[in-house]
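All remarks here apply to the structure that follows.
The values are calculated or read from the model by the stated rules, or taken from the named source; none is laboratory data. Computed from a predicted model, the values in this text were never measured in an experiment. Cβ: placed from backbone, ideal geometry, glycine included. Neighbour counts: every protein chain shown.
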Amino acid sequence: MGNGKNNGHGSGGSGHRRVGSKRRTPPDLRKLSRAFIALAQTQAEAEAQAQALRERRETADTDGAADSRGADRKAS
């Protein structure tokens, strides 16, 4: 019978089992690359919009501070 080693065949059986016998199709690299580029463009647009919004807020804050100082000077 056996030599005492566990050869992974269990109790009987052929021992010629194949794991993952279904052949996988390779990924569609063109489709993946187009999706990746579209994602990168969308992210870049969102970042550009966020940057523009920050710049507008900074400009508005700066203008608002200058206006309030000017109003204080006029009132004095």
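In the condition set (1) surrounded by fewer than 10 Cβ atoms within 10 Å (Cβ to Cβ); (2) modelled with pLDDT under 70, Lys31 is compliant with all but (2). Selection of first residues in segment 44-73 that are of a type outside the set (Val, Ile, Thr) and of second residues that are assigned to a helix (DSSP H, G or I) and at pLDDT 85 or above, restricted to Cβ pairs under 9 Å at least 6 apart or on distinct chains, gives an empty result.
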